[in-house]
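Here is the structure we will look at.
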Amino acid sequence: MKKKTKKRINLIITYVIITFIGVLMLYPILWMFFAAFKTNEEIFGSLKLLPESFSLDSFIEGWRSTGRTTYTDYFINTFKMTVPTTLLTVMTCSLVAYGFARFRFPGKKLLFMLLIATLMLPNAVIIIPRYSLYNSLGWLDTYLPFYIPALLGTYPFFIFMLIQFMRGLPRDLDESAYMDGCGTFRVYWNILLPLQKPALFSAGLFQFLWTYNDYMNPLIFISSVKKYVISLALRLSLDAESVVVWSRVMAMAFVAVLPLIILFFAAQKYFVEGIATTGMKG
Amino acid sequence: MEKVKVKRWRKRDCMGLVYVAPWLAGFLLLQLYPFLASLYYSFCQYNVMASPEWVGLKNYITLFTVDTDFKKSFMVTLVYTLYTVPGKLIMSLLVALLLNKNMKGINLIRTVFYIPSLFGGSVAVALLWKLMFMDDGVINAVLGFLHLPAIQWLGNPGVALKTICMLEIWQFGSSMVMFLAALKQVPASLYEAAQIDGADKWKCFFRITLPQITPIIFFNMIMQTINALQAYTSAAVITNGGPVKATYLLGIKLYKEAFQNYKMGYASTISWVIFAVIMAVTLLLFKSSSGWVYYEDGGEF
(Lines give C-alpha, C1' and ligand atoms only; values in the text may rest on other atoms or scores of the structure.)
Protein backbone atom coordinates (compact mmCIF):
# COMPACT_ATOMS: atom_id res chain seq x y z
CA MET A 1 0.00 0.00 0.00
CA LYS A 2 2.73 2.38 1.00
CA LYS A 3 4.72 1.61 -2.09
CA LYS A 4 1.67 2.23 -4.20
CA THR A 5 1.07 5.73 -2.81
CA LYS A 6 4.73 6.53 -3.24
CA LYS A 7 4.52 5.49 -6.85
CA ARG A 8 1.45 7.59 -7.36
CA ILE A 9 3.09 10.67 -5.85
CA ASN A 10 6.06 10.11 -8.12
CA LEU A 11 3.80 9.97 -11.13
CA ILE A 12 2.01 13.15 -10.11
CA ILE A 13 5.33 14.98 -9.69
CA THR A 14 6.41 13.77 -13.11
CA TYR A 15 3.20 15.07 -14.66
CA VAL A 16 3.57 18.43 -12.91
CA ILE A 17 7.11 18.85 -14.22
CA ILE A 18 6.14 17.74 -17.71
CA THR A 19 3.19 20.13 -17.78
CA PHE A 20 5.41 22.96 -16.63
CA ILE A 21 7.97 22.30 -19.35
CA GLY A 22 5.15 21.85 -21.86
CA VAL A 23 3.86 25.33 -21.01
CA LEU A 24 7.36 26.74 -21.54
CA MET A 25 7.45 25.02 -24.90
CA LEU A 26 4.10 26.16 -26.20
CA TYR A 27 3.45 29.48 -24.51
CA PRO A 28 5.74 31.50 -26.82
CA ILE A 29 4.03 30.10 -29.91
CA LEU A 30 0.57 30.82 -28.53
CA TRP A 31 1.71 34.25 -27.49
CA MET A 32 3.01 34.88 -30.99
CA PHE A 33 -0.39 34.01 -32.41
CA PHE A 34 -2.32 36.28 -30.05
CA ALA A 35 0.22 39.10 -30.35
CA ALA A 36 -0.81 39.33 -33.99
CA PHE A 37 -4.11 40.82 -32.81
CA LYS A 38 -2.67 43.27 -30.31
CA THR A 39 -1.69 46.89 -30.59
CA ASN A 40 1.83 47.87 -29.58
CA GLU A 41 0.42 49.22 -26.31
CA GLU A 42 -1.14 45.87 -25.53
CA ILE A 43 2.03 43.96 -26.38
CA PHE A 44 4.34 45.99 -24.17
CA GLY A 45 4.17 45.89 -20.41
CA SER A 46 1.21 43.57 -20.31
CA LEU A 47 0.82 40.04 -19.03
CA LYS A 48 -2.39 39.27 -20.81
CA LEU A 49 -2.31 36.49 -23.35
CA LEU A 50 -5.60 37.31 -25.07
CA PRO A 51 -6.01 40.49 -27.10
CA GLU A 52 -8.75 43.09 -26.53
CA SER A 53 -10.32 42.35 -29.86
CA PHE A 54 -9.81 40.04 -32.76
CA SER A 55 -9.37 41.74 -36.08
CA LEU A 56 -7.52 40.42 -39.08
CA ASP A 57 -6.13 43.83 -40.02
CA SER A 58 -2.56 43.06 -39.05
CA PHE A 59 -2.63 39.89 -41.14
CA ILE A 60 -3.93 41.82 -44.13
CA GLU A 61 -1.55 44.75 -43.62
CA GLY A 62 1.38 42.49 -42.88
CA TRP A 63 0.70 40.35 -45.92
CA ARG A 64 0.93 43.44 -48.14
CA SER A 65 4.56 43.90 -46.95
CA THR A 66 6.37 46.49 -49.06
CA GLY A 67 3.38 46.92 -51.35
CA ARG A 68 5.25 46.08 -54.52
CA THR A 69 6.05 42.55 -53.36
CA THR A 70 3.63 40.81 -51.04
CA TYR A 71 3.75 37.66 -48.99
CA THR A 72 2.06 35.89 -51.88
CA ASP A 73 5.30 36.46 -53.79
CA TYR A 74 7.45 35.49 -50.83
CA PHE A 75 5.55 32.27 -50.36
CA ILE A 76 5.74 31.41 -54.06
CA ASN A 77 9.48 32.18 -53.98
CA THR A 78 9.97 30.08 -50.88
CA PHE A 79 8.29 27.11 -52.50
CA LYS A 80 10.20 27.71 -55.71
CA MET A 81 13.35 27.44 -53.65
CA THR A 82 12.48 24.65 -51.22
CA VAL A 83 10.42 22.19 -53.26
CA PRO A 84 12.89 21.50 -56.08
CA THR A 85 15.76 21.52 -53.58
CA THR A 86 13.98 18.92 -51.49
CA LEU A 87 13.05 16.71 -54.43
CA LEU A 88 16.54 16.88 -55.94
CA THR A 89 18.12 16.09 -52.57
CA VAL A 90 15.97 13.04 -52.06
CA MET A 91 16.49 11.81 -55.60
CA THR A 92 20.27 12.11 -55.67
CA CYS A 93 20.91 11.05 -52.10
CA SER A 94 18.85 7.93 -52.60
CA LEU A 95 20.75 6.94 -55.76
CA VAL A 96 24.11 7.62 -54.12
CA ALA A 97 23.07 5.66 -51.06
CA TYR A 98 22.15 2.78 -53.37
CA GLY A 99 25.62 2.92 -54.88
CA PHE A 100 27.30 2.81 -51.50
CA ALA A 101 25.05 0.28 -49.84
CA ARG A 102 24.82 -2.33 -52.58
CA PHE A 103 28.03 -2.33 -54.63
CA ARG A 104 31.63 -3.11 -53.88
CA PHE A 105 33.30 -0.83 -56.41
CA PRO A 106 36.97 0.11 -56.45
CA GLY A 107 37.82 2.90 -54.03
CA LYS A 108 34.62 2.51 -52.08
CA LYS A 109 36.27 2.53 -48.69
CA LEU A 110 38.07 5.77 -49.39
CA LEU A 111 35.00 7.44 -50.85
CA PHE A 112 32.87 6.37 -47.92
CA MET A 113 35.43 7.79 -45.53
CA LEU A 114 35.33 11.07 -47.43
CA LEU A 115 31.55 11.06 -47.22
CA ILE A 116 31.69 10.62 -43.46
CA ALA A 117 34.37 13.30 -43.18
CA THR A 118 32.18 15.80 -45.03
CA LEU A 119 29.53 15.29 -42.36
CA MET A 120 31.79 17.42 -40.21
CA LEU A 121 32.70 19.97 -42.86
CA PRO A 122 31.34 23.27 -41.58
CA ASN A 123 29.40 25.45 -43.97
CA ALA A 124 31.39 28.46 -42.79
CA VAL A 125 34.55 27.17 -44.46
CA ILE A 126 33.11 26.57 -47.92
CA ILE A 127 30.65 29.42 -48.24
CA ILE A 128 33.06 32.09 -49.50
CA PRO A 129 34.59 30.11 -52.40
CA ARG A 130 31.12 28.86 -53.24
CA TYR A 131 29.96 32.46 -53.42
CA SER A 132 32.72 33.47 -55.79
CA LEU A 133 32.14 30.31 -57.85
CA TYR A 134 28.44 31.07 -58.19
CA ASN A 135 29.30 34.66 -58.90
CA SER A 136 31.54 33.73 -61.82
CA LEU A 137 28.88 31.33 -63.13
CA GLY A 138 26.27 34.09 -62.91
CA TRP A 139 24.12 32.11 -60.47
CA LEU A 140 23.77 34.81 -57.85
CA ASP A 141 20.25 36.07 -57.29
CA THR A 142 18.81 32.85 -58.68
CA TYR A 143 17.84 29.67 -56.84
CA LEU A 144 20.54 27.65 -58.57
CA PRO A 145 22.87 27.87 -55.51
CA PHE A 146 20.20 25.80 -53.79
CA TYR A 147 19.28 23.43 -56.61
CA ILE A 148 22.75 22.45 -57.78
CA PRO A 149 24.17 21.35 -54.40
CA ALA A 150 21.01 19.29 -53.99
CA LEU A 151 21.31 17.80 -57.47
CA LEU A 152 24.92 16.87 -56.74
CA GLY A 153 24.06 15.33 -53.40
CA THR A 154 26.25 17.46 -51.18
CA TYR A 155 24.12 16.57 -48.16
CA PRO A 156 26.14 13.73 -46.62
CA PHE A 157 23.77 13.59 -43.69
CA PHE A 158 20.92 12.29 -45.82
CA ILE A 159 23.13 9.96 -47.85
CA PHE A 160 24.41 8.44 -44.66
CA MET A 161 20.90 8.11 -43.28
CA LEU A 162 19.67 6.37 -46.44
CA ILE A 163 22.71 4.07 -46.55
CA GLN A 164 21.92 2.96 -43.04
CA PHE A 165 18.33 2.36 -44.00
CA MET A 166 19.24 0.40 -47.13
CA ARG A 167 21.61 -1.81 -45.21
CA GLY A 168 18.58 -3.02 -43.33
CA LEU A 169 16.84 -4.23 -46.51
CA PRO A 170 17.59 -7.89 -47.30
CA ARG A 171 20.04 -8.43 -50.15
CA ASP A 172 18.18 -11.54 -51.24
CA LEU A 173 15.71 -9.21 -52.89
CA ASP A 174 18.40 -7.86 -55.23
CA GLU A 175 19.84 -11.30 -55.88
CA SER A 176 16.58 -12.83 -56.92
CA ALA A 177 15.85 -9.87 -59.19
CA TYR A 178 19.27 -10.26 -60.83
CA MET A 179 18.46 -13.93 -61.38
CA ASP A 180 15.37 -12.81 -63.22
CA GLY A 181 17.57 -10.67 -65.43
CA CYS A 182 16.93 -7.24 -64.00
CA GLY A 183 19.58 -4.57 -64.44
CA THR A 184 20.90 -2.60 -61.49
CA PHE A 185 18.63 0.35 -62.11
CA ARG A 186 15.55 -1.86 -62.38
CA VAL A 187 16.46 -3.38 -59.04
CA TYR A 188 16.70 0.07 -57.54
CA TRP A 189 13.61 1.46 -59.18
CA ASN A 190 11.24 -1.48 -58.84
CA ILE A 191 12.39 -3.12 -55.63
CA LEU A 192 14.44 -0.91 -53.33
CA LEU A 193 12.83 2.45 -54.01
CA PRO A 194 9.34 1.40 -52.90
CA LEU A 195 10.76 -0.16 -49.74
CA GLN A 196 12.79 2.95 -49.05
CA LYS A 197 9.79 5.24 -49.05
CA PRO A 198 9.55 5.96 -45.31
CA ALA A 199 13.24 6.89 -45.13
CA LEU A 200 12.96 9.05 -48.24
CA PHE A 201 10.00 10.78 -46.72
CA SER A 202 11.90 11.53 -43.52
CA ALA A 203 14.87 12.85 -45.46
CA GLY A 204 12.59 14.98 -47.60
CA LEU A 205 10.82 16.43 -44.60
CA PHE A 206 14.03 17.48 -42.92
CA GLN A 207 15.48 18.94 -46.06
CA PHE A 208 12.27 20.89 -46.61
CA LEU A 209 12.32 22.14 -43.05
CA TRP A 210 15.95 23.20 -43.12
CA THR A 211 15.71 24.92 -46.48
CA TYR A 212 12.50 26.65 -45.46
CA ASN A 213 14.03 27.96 -42.23
CA ASP A 214 17.40 28.80 -43.73
CA TYR A 215 18.31 32.45 -43.43
CA MET A 216 22.03 32.81 -44.04
CA ASN A 217 22.20 31.20 -47.48
CA PRO A 218 19.30 33.17 -49.00
CA LEU A 219 20.76 36.28 -47.39
CA ILE A 220 24.02 35.69 -49.20
CA PHE A 221 22.76 34.40 -52.54
CA ILE A 222 19.49 36.30 -53.09
CA SER A 223 19.65 40.05 -53.44
CA SER A 224 16.58 41.38 -55.24
CA VAL A 225 13.47 41.85 -53.15
CA LYS A 226 11.21 40.27 -55.73
CA LYS A 227 13.09 37.01 -55.28
CA TYR A 228 13.05 37.18 -51.49
CA VAL A 229 11.99 34.14 -49.53
CA ILE A 230 10.00 34.31 -46.31
CA SER A 231 12.96 34.33 -43.93
CA LEU A 232 14.40 37.38 -45.71
CA ALA A 233 11.01 39.07 -45.89
CA LEU A 234 10.52 38.67 -42.15
CA ARG A 235 13.85 40.27 -41.46
CA LEU A 236 12.94 43.06 -43.87
CA SER A 237 9.81 43.85 -41.87
CA LEU A 238 11.99 45.11 -39.01
CA ASP A 239 13.86 47.61 -41.12
CA ALA A 240 11.01 48.80 -43.26
CA GLU A 241 9.43 51.27 -40.86
CA SER A 242 10.84 53.52 -38.20
CA VAL A 243 8.17 52.45 -35.70
CA VAL A 244 7.72 48.72 -35.94
CA VAL A 245 4.09 47.63 -35.84
CA TRP A 246 4.72 44.44 -33.96
CA SER A 247 1.32 42.92 -34.57
CA ARG A 248 2.08 42.76 -38.27
CA VAL A 249 5.50 41.26 -37.67
CA MET A 250 4.06 38.63 -35.36
CA ALA A 251 1.19 37.95 -37.75
CA MET A 252 3.62 37.21 -40.55
CA ALA A 253 5.94 35.25 -38.27
CA PHE A 254 2.97 33.10 -37.35
CA VAL A 255 1.96 32.69 -40.98
CA ALA A 256 5.55 31.66 -41.69
CA VAL A 257 5.66 28.91 -39.07
CA LEU A 258 2.13 27.66 -39.68
CA PRO A 259 2.97 25.47 -42.71
CA LEU A 260 5.66 23.75 -40.64
CA ILE A 261 3.26 23.04 -37.80
CA ILE A 262 0.66 21.63 -40.19
CA LEU A 263 3.29 19.55 -41.96
CA PHE A 264 4.56 18.26 -38.65
CA PHE A 265 1.17 17.11 -37.47
CA ALA A 266 0.42 15.54 -40.83
CA ALA A 267 3.69 13.61 -40.96
CA GLN A 268 4.67 13.20 -37.31
CA LYS A 269 5.60 9.56 -37.66
CA TYR A 270 8.26 10.31 -40.27
CA PHE A 271 9.80 13.06 -38.20
CA VAL A 272 10.21 10.89 -35.16
CA GLU A 273 11.47 7.90 -37.12
CA GLY A 274 13.84 10.02 -39.13
CA ILE A 275 15.49 11.49 -36.09
CA ALA A 276 15.58 8.25 -34.19
CA THR A 277 17.19 6.19 -36.95
CA THR A 278 19.84 8.72 -37.91
CA GLY A 279 20.85 9.24 -34.33
CA MET A 280 20.89 5.60 -33.45
CA LYS A 281 23.31 4.45 -36.07
CA GLY A 282 25.63 7.43 -35.84
CA MET B 1 31.67 -21.51 -65.29
CA GLU B 2 33.03 -20.13 -62.02
CA LYS B 3 35.28 -17.69 -63.79
CA VAL B 4 32.48 -16.19 -65.86
CA LYS B 5 30.41 -15.62 -62.76
CA VAL B 6 33.21 -13.77 -60.98
CA LYS B 7 33.75 -11.56 -63.97
CA ARG B 8 30.10 -10.62 -64.25
CA TRP B 9 29.95 -9.73 -60.57
CA ARG B 10 32.84 -7.36 -60.93
CA LYS B 11 31.22 -5.59 -63.82
CA ARG B 12 28.03 -5.10 -61.90
CA ASP B 13 29.85 -3.83 -58.85
CA CYS B 14 31.48 -1.15 -60.92
CA MET B 15 28.00 0.17 -61.58
CA GLY B 16 28.21 1.48 -58.03
CA LEU B 17 30.58 4.12 -59.29
CA VAL B 18 27.94 5.33 -61.69
CA TYR B 19 25.46 5.75 -58.86
CA VAL B 20 27.85 7.64 -56.62
CA ALA B 21 29.12 9.76 -59.53
CA PRO B 22 26.79 12.74 -58.87
CA TRP B 23 27.92 12.88 -55.28
CA LEU B 24 31.55 12.57 -56.31
CA ALA B 25 31.14 15.50 -58.69
CA GLY B 26 29.43 17.48 -55.95
CA PHE B 27 32.11 16.56 -53.49
CA LEU B 28 34.94 17.68 -55.76
CA LEU B 29 33.26 20.82 -57.06
CA LEU B 30 31.24 22.07 -54.10
CA GLN B 31 33.08 20.70 -51.09
CA LEU B 32 36.71 19.85 -51.76
CA TYR B 33 37.41 22.74 -54.11
CA PRO B 34 35.81 25.40 -51.84
CA PHE B 35 37.58 23.86 -48.89
CA LEU B 36 41.00 24.21 -50.48
CA ALA B 37 40.15 27.53 -52.09
CA SER B 38 39.20 29.07 -48.77
CA LEU B 39 42.51 27.89 -47.33
CA TYR B 40 44.25 29.65 -50.21
CA TYR B 41 42.09 32.78 -49.85
CA SER B 42 42.96 32.94 -46.18
CA PHE B 43 46.49 33.88 -47.24
CA CYS B 44 45.25 36.40 -49.77
CA GLN B 45 43.71 39.77 -50.13
CA TYR B 46 40.56 39.16 -52.11
CA ASN B 47 37.46 41.23 -52.80
CA VAL B 48 35.69 39.06 -55.44
CA MET B 49 36.06 41.73 -58.14
CA ALA B 50 39.81 41.35 -58.58
CA SER B 51 41.59 38.02 -58.41
CA PRO B 52 43.09 37.02 -55.04
CA GLU B 53 46.47 38.47 -54.22
CA TRP B 54 48.88 36.52 -52.02
CA VAL B 55 49.79 38.33 -48.80
CA GLY B 56 51.21 35.47 -46.77
CA LEU B 57 50.41 35.34 -43.08
CA LYS B 58 49.19 38.92 -42.95
CA ASN B 59 45.53 38.03 -42.39
CA TYR B 60 46.37 35.67 -39.57
CA ILE B 61 48.66 38.18 -37.93
CA THR B 62 46.05 40.93 -38.18
CA LEU B 63 43.41 38.60 -36.83
CA PHE B 64 45.35 37.53 -33.77
CA THR B 65 47.24 40.71 -32.91
CA VAL B 66 45.46 43.78 -34.30
CA ASP B 67 41.77 42.89 -34.51
CA THR B 68 40.43 43.22 -30.97
CA ASP B 69 36.92 42.39 -32.21
CA PHE B 70 38.13 38.94 -33.10
CA LYS B 71 39.31 38.14 -29.60
CA LYS B 72 35.99 39.28 -28.20
CA SER B 73 34.09 37.42 -30.89
CA PHE B 74 36.09 34.26 -30.26
CA MET B 75 35.34 34.31 -26.55
CA VAL B 76 31.65 35.02 -27.15
CA THR B 77 31.46 32.04 -29.49
CA LEU B 78 33.18 29.76 -26.99
CA VAL B 79 30.84 30.83 -24.22
CA TYR B 80 27.85 30.39 -26.53
CA THR B 81 29.01 26.85 -27.34
CA LEU B 82 29.70 26.03 -23.71
CA TYR B 83 26.20 27.15 -22.74
CA THR B 84 24.15 25.74 -25.57
CA VAL B 85 25.70 22.33 -26.17
CA PRO B 86 25.64 21.04 -22.58
CA GLY B 87 22.42 22.97 -21.91
CA LYS B 88 20.63 21.30 -24.77
CA LEU B 89 22.05 17.87 -23.96
CA ILE B 90 21.14 18.00 -20.28
CA MET B 91 17.69 19.40 -20.96
CA SER B 92 16.90 16.81 -23.63
CA LEU B 93 18.28 13.95 -21.56
CA LEU B 94 16.31 14.98 -18.48
CA VAL B 95 13.09 15.30 -20.43
CA ALA B 96 13.70 12.03 -22.24
CA LEU B 97 14.19 10.28 -18.89
CA LEU B 98 10.98 11.81 -17.58
CA LEU B 99 9.09 10.67 -20.64
CA ASN B 100 10.61 7.21 -20.76
CA LYS B 101 7.80 5.68 -18.76
CA ASN B 102 4.55 4.08 -19.69
CA MET B 103 2.43 7.17 -19.39
CA LYS B 104 -0.85 8.19 -20.85
CA GLY B 105 -0.62 10.74 -23.64
CA ILE B 106 3.09 10.20 -24.20
CA ASN B 107 2.77 10.80 -27.92
CA LEU B 108 1.03 14.11 -27.44
CA ILE B 109 3.62 15.23 -24.91
CA ARG B 110 6.47 14.26 -27.18
CA THR B 111 4.83 16.17 -30.00
CA VAL B 112 4.41 19.30 -27.91
CA PHE B 113 8.03 19.18 -26.79
CA TYR B 114 9.20 18.81 -30.33
CA ILE B 115 7.30 21.77 -31.81
CA PRO B 116 9.89 24.49 -30.98
CA SER B 117 12.54 22.42 -32.75
CA LEU B 118 10.63 22.71 -36.01
CA PHE B 119 11.68 26.34 -36.20
CA GLY B 120 15.37 25.76 -35.57
CA GLY B 121 17.30 28.79 -36.72
CA SER B 122 14.29 30.45 -38.32
CA VAL B 123 13.84 34.18 -38.41
CA ALA B 124 10.25 33.92 -37.17
CA VAL B 125 11.14 32.65 -33.70
CA ALA B 126 14.15 34.97 -33.50
CA LEU B 127 11.74 37.89 -33.99
CA LEU B 128 9.44 36.41 -31.37
CA TRP B 129 12.32 36.15 -28.93
CA LYS B 130 13.37 39.70 -29.63
CA LEU B 131 9.88 40.97 -28.87
CA MET B 132 9.26 38.85 -25.79
CA PHE B 133 12.55 39.74 -24.15
CA MET B 134 12.40 43.47 -24.75
CA ASP B 135 12.73 45.71 -21.70
CA ASP B 136 8.98 46.19 -21.44
CA GLY B 137 8.18 42.85 -23.05
CA VAL B 138 6.06 40.03 -21.76
CA ILE B 139 8.86 38.21 -19.92
CA ASN B 140 9.55 41.24 -17.74
CA ALA B 141 5.81 41.62 -17.24
CA VAL B 142 5.75 38.08 -15.85
CA LEU B 143 8.69 38.88 -13.58
CA GLY B 144 6.88 42.01 -12.38
CA PHE B 145 3.79 39.97 -11.66
CA LEU B 146 5.90 37.64 -9.52
CA HIS B 147 7.38 40.71 -7.75
CA LEU B 148 10.80 40.03 -9.21
CA PRO B 149 12.99 42.83 -10.57
CA ALA B 150 12.92 43.34 -14.33
CA ILE B 151 15.98 42.26 -16.30
CA GLN B 152 17.49 43.93 -19.34
CA TRP B 153 17.47 40.73 -21.36
CA LEU B 154 18.84 42.18 -24.56
CA GLY B 155 20.28 45.53 -23.50
CA ASN B 156 22.62 44.30 -20.82
CA PRO B 157 25.90 42.94 -22.28
CA GLY B 158 26.15 40.43 -19.45
CA VAL B 159 22.74 38.94 -20.13
CA ALA B 160 22.13 39.24 -23.88
CA LEU B 161 24.15 36.19 -24.85
CA LYS B 162 22.33 34.06 -22.30
CA THR B 163 18.99 35.18 -23.70
CA ILE B 164 20.06 33.97 -27.12
CA CYS B 165 21.35 30.71 -25.65
CA MET B 166 17.92 30.18 -24.14
CA LEU B 167 16.37 30.28 -27.60
CA GLU B 168 18.77 27.58 -28.71
CA ILE B 169 18.15 25.40 -25.66
CA TRP B 170 14.40 25.84 -26.07
CA GLN B 171 14.78 23.83 -29.26
CA PHE B 172 16.01 20.62 -27.68
CA GLY B 173 13.41 18.41 -29.41
CA SER B 174 15.63 16.55 -31.87
CA SER B 175 18.10 15.38 -29.26
CA MET B 176 15.18 14.46 -27.02
CA VAL B 177 13.67 12.20 -29.68
CA MET B 178 17.07 10.58 -30.25
CA PHE B 179 17.51 9.98 -26.52
CA LEU B 180 14.01 8.55 -26.22
CA ALA B 181 14.76 6.08 -29.00
CA ALA B 182 18.08 5.20 -27.40
CA LEU B 183 16.52 4.67 -23.98
CA LYS B 184 14.05 2.22 -25.49
CA GLN B 185 16.98 0.20 -26.84
CA VAL B 186 18.56 -0.39 -23.45
CA PRO B 187 17.94 -4.10 -22.79
CA ALA B 188 15.44 -4.61 -19.97
CA SER B 189 17.40 -7.67 -18.85
CA LEU B 190 20.17 -5.39 -17.60
CA TYR B 191 17.78 -3.60 -15.25
CA GLU B 192 16.29 -6.87 -14.06
CA ALA B 193 19.72 -8.25 -13.27
CA ALA B 194 20.62 -5.05 -11.43
CA GLN B 195 17.44 -5.18 -9.43
CA ILE B 196 18.20 -8.73 -8.31
CA ASP B 197 21.62 -7.54 -7.22
CA GLY B 198 19.90 -4.84 -5.19
CA ALA B 199 21.01 -1.77 -7.12
CA ASP B 200 19.00 1.40 -6.45
CA LYS B 201 17.66 3.81 -9.05
CA TRP B 202 20.70 6.08 -9.13
CA LYS B 203 23.06 3.18 -9.52
CA CYS B 204 20.93 1.84 -12.35
CA PHE B 205 21.08 5.20 -14.07
CA PHE B 206 24.80 5.75 -13.76
CA ARG B 207 25.89 2.18 -14.31
CA ILE B 208 23.41 1.04 -16.96
CA THR B 209 21.40 3.80 -18.62
CA LEU B 210 24.12 6.37 -19.05
CA PRO B 211 26.80 4.03 -20.43
CA GLN B 212 24.30 2.51 -22.85
CA ILE B 213 23.35 5.83 -24.40
CA THR B 214 26.85 7.31 -24.57
CA PRO B 215 27.06 6.82 -28.37
CA ILE B 216 24.05 9.10 -28.80
CA ILE B 217 25.45 11.66 -26.39
CA PHE B 218 28.70 11.55 -28.31
CA PHE B 219 27.02 11.98 -31.70
CA ASN B 220 24.90 14.86 -30.43
CA MET B 221 27.85 16.56 -28.81
CA ILE B 222 29.90 16.60 -32.01
CA MET B 223 27.08 17.70 -34.29
CA GLN B 224 25.88 20.41 -31.93
CA THR B 225 29.37 21.74 -31.32
CA ILE B 226 29.91 22.06 -35.05
CA ASN B 227 26.65 23.97 -35.39
CA ALA B 228 27.17 26.13 -32.33
CA LEU B 229 30.63 27.28 -33.40
CA GLN B 230 29.25 28.71 -36.63
CA ALA B 231 25.86 29.89 -35.35
CA TYR B 232 24.52 32.98 -37.03
CA THR B 233 20.80 33.56 -37.43
CA SER B 234 19.42 34.06 -33.94
CA ALA B 235 22.14 36.42 -32.74
CA ALA B 236 22.12 38.28 -36.06
CA VAL B 237 18.37 38.87 -35.97
CA ILE B 238 17.83 39.43 -32.27
CA THR B 239 20.75 41.66 -31.30
CA ASN B 240 22.83 41.94 -34.47
CA GLY B 241 25.92 41.26 -32.38
CA GLY B 242 25.25 43.98 -29.82
CA PRO B 243 25.13 45.40 -27.17
CA VAL B 244 28.83 46.35 -27.20
CA LYS B 245 29.54 43.18 -29.20
CA ALA B 246 28.39 40.95 -26.36
CA THR B 247 26.70 38.61 -28.85
CA TYR B 248 29.09 39.16 -31.72
CA LEU B 249 29.48 35.51 -32.69
CA LEU B 250 32.19 34.45 -35.13
CA GLY B 251 29.44 33.59 -37.60
CA ILE B 252 28.30 37.22 -37.61
CA LYS B 253 31.84 38.51 -37.91
CA LEU B 254 32.47 36.16 -40.80
CA TYR B 255 29.35 37.33 -42.59
CA LYS B 256 30.13 41.02 -42.05
CA GLU B 257 33.72 40.78 -43.20
CA ALA B 258 32.85 38.69 -46.24
CA PHE B 259 29.57 40.05 -47.51
CA GLN B 260 29.42 43.60 -46.19
CA ASN B 261 33.08 44.65 -46.23
CA TYR B 262 33.93 42.26 -49.10
CA LYS B 263 37.13 41.21 -47.37
CA MET B 264 36.83 37.65 -48.62
CA GLY B 265 40.43 36.76 -47.81
CA TYR B 266 40.19 37.98 -44.26
CA ALA B 267 36.82 36.26 -43.80
CA SER B 268 38.33 33.02 -45.08
CA THR B 269 40.95 33.36 -42.38
CA ILE B 270 38.17 33.59 -39.82
CA SER B 271 36.46 30.56 -41.34
CA TRP B 272 39.66 28.58 -41.02
CA VAL B 273 40.00 29.54 -37.39
CA ILE B 274 36.44 28.28 -36.89
CA PHE B 275 37.40 25.11 -38.72
CA ALA B 276 40.53 24.66 -36.63
CA VAL B 277 38.50 24.97 -33.43
CA ILE B 278 35.94 22.48 -34.73
CA MET B 279 38.71 20.04 -35.65
CA ALA B 280 40.38 20.45 -32.27
CA VAL B 281 37.15 19.89 -30.36
CA THR B 282 36.13 16.94 -32.53
CA LEU B 283 39.53 15.29 -32.20
CA LEU B 284 39.46 15.85 -28.47
CA LEU B 285 36.02 14.27 -28.25
CA PHE B 286 37.06 11.35 -30.44
CA LYS B 287 40.29 10.83 -28.48
CA SER B 288 38.44 10.86 -25.21
CA SER B 289 35.57 8.78 -26.55
CA SER B 290 37.28 5.42 -26.04
CA GLY B 291 37.27 6.26 -22.35
CA TRP B 292 33.58 7.01 -22.01
CA VAL B 293 31.63 5.96 -25.09
CA TYR B 294 30.38 2.42 -24.94
CA TYR B 295 29.73 0.49 -28.16
CA GLU B 296 27.88 -2.79 -28.14
CA ASP B 297 29.83 -3.93 -31.18
CA GLY B 298 33.18 -2.67 -29.94
CA GLY B 299 33.03 0.42 -32.14
CA GLU B 300 33.24 -1.32 -35.51
CA PHE B 301 30.70 -0.32 -38.06
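The values are calculated or read from the model by the stated rules, or taken from the named source; none is laboratory data. Computed from a predicted model, the values in this text were never measured in an experiment. When we count neighbours, we look across all protein chains shown, and the Cβ atoms used for this are built from the backbone with ideal geometry, even at glycine. What goes into the accessible areas is simple: the full protein's heavy atoms, side chains included, and nothing from ligands, DNA or RNA. Shrake-Rupley method; radii C 1.70, N 1.55, O 1.52, S 1.80 Å.
Once you divide the Cα radius of gyration of the protein assembly as shown by 2.2 N^0.38 Å, the number left is 1.03. Interface B-A: total buried accessible area of about 8400 Å², 1.4 Å probe, protein heavy atoms only.
Rolling a 1.4 Å probe over the protein heavy atoms gives the protein assembly as shown an accessible area of 48 Å² per residue. For B:ALA246, what charge total do you get from the other residues with a beta carbon under 11 Å from its beta carbon, if Lys and Arg give +1 and Asp and Glu give -1? Summing Lys/Arg as +1 and Asp/Glu as -1 gives +3. The residues of segment A:251-277 listed by number as losing at least 50 Å² of accessible area in the complex, against the isolated chain and with a 1.4 Å probe, are A:PHE264, A:VAL272, A:ILE275.
Over chain B, Cα pairs under 8 Å with separation of 6+ residues give a relative contact order of 28 percent. When the pairs A:LYS226/B:LYS253; B:LYS72/B:LYS256; A:LYS80/B:LYS256; B:LYS88/B:LYS162; A:LYS80/B:LYS130; A:LYS269/B:LYS203 are compared against a 22 Å limit on Cα-Cα distance, A:LYS226/B:LYS253; A:LYS80/B:LYS256; A:LYS80/B:LYS130; A:LYS269/B:LYS203 fall above it.
Specify whether the C-alpha gyration tensor of chain A places it in the rounded, prolate or oblate class, a ≥ b ≥ c being the square roots of the eigenvalues: rounded for a/c under 1.5, otherwise prolate if a/b is larger than b/c and oblate if not. Oblate, because a/c is 1.5 or more while a/b does not exceed b/c. In segment A:196-234, comparing the full protein assembly with the chain on its own, the residues that lose 50 Å² or more of accessible surface at a 1.4 Å probe are A:ASN213, A:TYR215, A:MET216. Within the accessible area of segment A:134-282, the carbon and sulfur atoms contribute 64%, probe 1.4 Å, all protein chains present.
Kirkwood analysis of the Cα pair distances in chain B returns a hydrodynamic radius of 23.0 Å.
The A:CYS182 and B:THR111 beta-carbon pair, evaluated with R₀ = 35 Å, returns a calculated FRET efficiency of approximately 0.25. Mean projection of the Cα convex hull over all viewing directions, computed for segment B:1-130: 18.3 nm². Screening chain B for whole DSSP H helices of 24 Å or more along their axis (Cα) with average Kyte-Doolittle hydropathy at least -0.5 returns B:2-26, B:68-99, B:210-229, B:264-292.
Each stretch of four or more DSSP H residues adds -39500 (n - 2.57); spread over every residue of chain A, this sum gives -24000 deg cm²/dmol at 222 nm.
Largest first, the three principal axis extents of the alpha carbons in segment B:111-192 are 54, 30, 23 Å in whole numbers. Each of the peptides A:90-97, A:160-167 was scored by the mean count of other Cβ atoms within 10 Å over its residues; in descending order, highest first, they stand as A:90-97, A:160-167. Per residue of peptide B:171-180, the mean number of Cβ atoms on other chains within 10 Å of the residue Cβ is 4. Normalised size of segment A:1-158, defined as Cα radius of gyration per 2.2 N^0.38 Å with N residues, equals 1.69.
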